[in-house]
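Heads up: the structure comes next, in structure tokens.
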Amino acid sequence: MSSSYLPATTDSIATALEAKNPSEAISILYQVLENPSSSPEALRIKEQAITNLTELLRLENQAEDLRSLLTQLRPFFSLIPKAKTAKIVRGIIDAVAKIPATSDLQISLCKEMVQWTRSEKRTFLRQRVEARLASLLMENKEYSEALALLSGLIKEVRRLDDKLLLVDIELLESKLHFSLRNLPKAKASLTAARTAANAIYVPPAQQGTIDLQSGILHAEEKDYKTAYSYFFEAFEAFNALDDPRAVYSLKYMLLCKIMVNQADDVAGIISSKAGLQYVGPDLDAMKSVADAHAKRSLKLFETALQNFRAQLEEDPIVHRHLSSLYDTLLEQNLCRLIEPFSRVEIAHIAELIELPVDHVERKLSQMILDKKFAGTLDQGAGCLVVFEDPKTDAIYPATLDTIANMGKVVDSLFVRSAKIMS
């Protein structure tokens, strides 16, 4: 950075735009910011210079320089309105977020800004930076710290009655509780977010986020039909905004169809006008799972999991539901295969179902313990012994019914005799 400065004029901004390379443009913009003038026109030009400089540093992936810029601009922030300061600070933090592998830098940057806003008593900006910090901590799996930060922030924002920020924070808290597998608290936070959202105008992107979270929570409760309707609402909102989250909403819609045994509908949704816009690995993964489910083929299911590991295994929401689906499919296939036998080699079942012997043996022992069928494993001989289902003797229920009916007759006779005696 040069020690000299350039005049804060539109000509200086134009010179930066016409620079031969980004480093030259960055140098010119820094020199504009060093101009000591604080006239309204100079401040306006400097704001433009900050916007351009932020974008250039982002394109050059200079995250540390963006952090330094934010520190350097603190004296300038005292000359402009607080609302403009908030806009610039959030813009620079957003620019750092767009640079890959900067999560730790973003957290430290947000912590620095929280300290500065506290000392400067800029409550409006501090609350928003703290909300961003909580989101980053959650992404970094630092759940306890994020929860502690949100708890205090929610109380403060409720007192100020800032509904729009409250919706953001309550929604974030719902996601945090869901990550901690605390479903009741996740639902309570989402309900609070919906209540706050009903009192104000909520931007479509925010409404889509609320619907997406609602769908995730309903899917967790195995209410896939309701979850599908929420995912559809979220998809429509994100699709209209060209938001990248639209593909995730569509992916979860297809997951719901598979989970309610309507895998045949998946191909129709993908080939629809809206679905064709998002054709790619995510939808291909769900189509492979749907095909495997329709054919009741565990081998195809495992092939899909291997071929689309990033889309299925690494997505925690999809992975959780597909694990449940895989177990159900495996149990159904095993029950169908062992039905004709009273004694069968485990290796033979593994060969029929095309899975490793140890995997099949482990699942059969689990099914016996869960009383899915009556039998035992003869591990010495490597066989499964299937017992016949014990026939329930109908005499006991019939006897109980007879005694119950006799009791009713006696009660009725007692009531009649009591009336006669009176």
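The values are calculated or read from the model by the stated rules, or taken from the named source; none is laboratory data. The structure displayed is predicted, hence computed values, not measured ones. Please note: Cβ atoms are built from the backbone with ideal geometry, for glycine as well, and neighbour counts cover all protein chains shown. Side chains are part of the model used for accessible areas, which takes the heavy atoms of the whole protein and leaves out ligands, DNA and RNA. Shrake-Rupley method; radii C 1.70, N 1.55, O 1.52, S 1.80 Å.
Key figures
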read-out: Condition met for ALA304 (of a type in the set (Gly, Ala, Ser), open to solvent by less than 70 Å² (accessible area, probe 1.4 Å) and out of contact with any Leu (no Cβ under 8 Å at 6 or more places or on another chain)); value: no
read-out: Number of the condition not met by ILE338 [criteria: (1) in contact with a strand residue (DSSP E or B) (Cβ under 8 Å, 6 or more places away or on another chain); (2) within 24 Å of ALA219 (Cβ to Cβ)]; value: (2)
read-out: Segment 221-241, residues that are among the small types (Gly, Ala, Ser), open to solvent by less than 10 Å² (accessible area, probe 1.4 Å) and over 23 Å from ASP291 (Cα atoms); value: ALA234
read-out: Residue match in segment 302-317 (condition: touching a His at 6+ places or on another chain (Cβ under 7 Å) and outside any helix (DSSP H, G or I)); value: yes
read-out: Residues located in segment 262-277, provided they are touching a helix residue (DSSP H, G or I) at 6+ places or on another chain (Cβ under 8 Å), open to solvent by 40 Å² or more (accessible area, probe 1.4 Å) and not charged (D, E, K, R); value: ALA267, LEU276, GLN277
read-out: Test: ALA192 is open to solvent by less than 70 Å² (accessible area, probe 1.4 Å), closer than 30 Å to ASN52 by Cβ and either modelled with pLDDT of 90 or more or in contact with a Cys (Cβ under 6 Å, 6 or more places away or on another chain) (or both); value: no
read-out: Sole exception among (1) under 24 Å from PRO22 (Cβ atoms); (2) open to solvent by 20 Å² or more (accessible area, probe 1.4 Å) for ILE50, by number; value: (2)
read-out: Helices (runs of 4 or more DSSP H) fully within segment 91-205 counting 2 or more residues that are under 23 Å from ALA234 (Cα atoms) and among the charged types (D, E, K, R); value: 123-139, 163-179, 183-198
read-out: Of all residues making up segment 53-82, the number that are open to solvent by 10 Å² or more (accessible area, probe 1.4 Å) and either of a type in the set (Phe, Trp, Tyr) or not in a helix (DSSP H, G or I) (or both); value: 8
read-out: Residue within segment 141-159 that is crowded, with 19+ Cβ neighbours inside 10 Å and either touching a residue at least 40 places away in the same chain (Cβ under 8 Å) or at positive phi (or both) present; value: no
read-out: Residue that is surrounded by the most Cβ atoms within 10 Å (Cβ to Cβ) [pool: residues in segment 242-258 that are touching a residue at least 40 places away in the same chain (Cβ under 8 Å) and under 14 Å from SER288 (Cα atoms)]; value: LEU255
read-out: Condition met for ALA285 (of a type in the set (A, V, I, L, M) and modelled with pLDDT under 90); value: no
read-out: Verdict on THR85 being touching a Gly at 6+ places or on another chain (Cβ under 8 Å), surrounded by 13 or more Cβ atoms within 10 Å (Cβ to Cβ) and under 28 Å from GLU130 (Cα atoms); value: no
read-out: Members of segment 360-379 found to be under 21 Å from LEU300 (Cα atoms) and loosely packed, with under 13 Cβ neighbours inside 10 Å, listed by number; value: ARG362
read-out: From ASP315, ASP327, residue being within 30 Å of TYR252 (Cβ to Cβ), open to solvent by less than 30 Å² (accessible area, probe 1.4 Å) and charged (D, E, K, R); value: ASP315
